[in-house]
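Asks: Okay, here's the structure, questions in a sec.
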Amino acid sequence: MSQPMVGIVMGSDSDLPVMKACADMLDKFGIAYEVIISSAHRVPEKTAAYAASAESRGLAVIVAGAGGAAHLPGVIAALTPLPVIGVPIKSGALEGVDALYAIVQMPAGIPVATVAINGAQNAGILAAQIIGTGDAGVRARVKAYKEDLSRHVESKNKRLSE
Ligand code: RP5
């Protein structure tokens, strides 16, 4: 098993069905990752220890997903120099808008790169793009992925004009 480059963290196992899309993208780009459940509220010490050790354990990027009062990405970002991507998870009465606001409205000095509500797929792509800045192989796979997207749109246009 190769050294994980991305830590995928989520507040609850109920977030797993959404966060799987991030893992699927990393699989596609050939990037090793680890997955853990660690809530900023239910297990704050575990979350702090995870964030504080992430850099020395060789991670390059952390993707953190949480719903509701979603403090997980921000707390992790406060405790690591690594880039943190936050995924607001749709849950409860406010359906993810609460999580979006909690994750995106970080104070100056502690950024979290926030994707859309349930946007775990984009979080995986963004993590690959960050890793790709220093890894030509990953960058080439991201490029190929984007070319595929554009071919897909063009094939739809072609069908429309037939
Ligand atoms: C958050 O509360 C989790 O990230 C999850 O999205 C939400 C609900 O958690 P569970 O009650 O399903 O464990 O902390």
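None of the figures in this text is laboratory data; all of them are computed from the coordinates on show. Bear in mind the structure is a predicted one, so any value in this text is a computation, not a measurement. Here the Cβ positions follow ideal geometry from the backbone for every residue, glycine too, while neighbour counts run over all protein chains shown.
Asks: Name every residue in the range 85-134 that is among the hydroxyl-bearing types (Ser, Thr, Tyr), without any contact (Cβ under 8 Å) to a residue 24 or more places away in the chain and not in a loop (DSSP other than H, G, I, E, B), in order of residue number.
Replies: 101
Asks: With respect to residue 91, determine if the residue is among the hydroxyl-bearing types (Ser, Thr, Tyr) and in contact with a Gly (Cβ under 7 Å, 6 or more places away or on another chain).
Replies: Yes.
Asks: Continuing with the same structure: Kindly indicate which of 82, 59, 16 is part of a helix (DSSP H, G or I), hydrophobic (A, V, I, L, M, F, W, C) and either within 14 Å of the ligand (Cβ to nearest atom) or crowded, with 16+ Cβ neighbours inside 10 Å (or both).
Replies: Being part of a helix (DSSP H, G or I), hydrophobic (A, V, I, L, M, F, W, C) and either within 14 Å of the ligand (Cβ to nearest atom) or crowded, with 16+ Cβ neighbours inside 10 Å (or both) holds for just one of 82, 59, 16, which is 16.
Asks: For residue 143, indicate whether it is on the phi < 0 side of the Ramachandran plot and touching a Gly at 6+ places or on another chain (Cβ under 6 Å).
Replies: No: the conditions fail for residue 143.
Asks: Shifting gears a bit: Among all residue pairs at least 6 apart or on different chains, which show Cβ distances below 6 Å where the first residue, located in the range 59-81, is in contact (Cβ under 8 Å) with a residue 12 or more places away in the chain and charged (D, E, K, R) and the second is within 16 Å of the ligand (Cβ to nearest atom) and in a loop (DSSP other than H, G, I, E, B)?
Replies: Taking only residues 6 or more apart or on different chains, not a single pair turns up.
Asks: State yes or no: is residue 94 within 15 Å of the ligand (Cβ to nearest atom), hydrophobic (A, V, I, L, M, F, W, C) and under 14 Å from residue 110 (Cβ atoms)?
Replies: no
Asks: Among the residues of the range 136-143, are any in contact (Cβ under 8 Å) with a residue 12 or more places away in the chain and in a loop (DSSP other than H, G, I, E, B)?
Replies: No - not one qualifying residue is present in the range 136-143.
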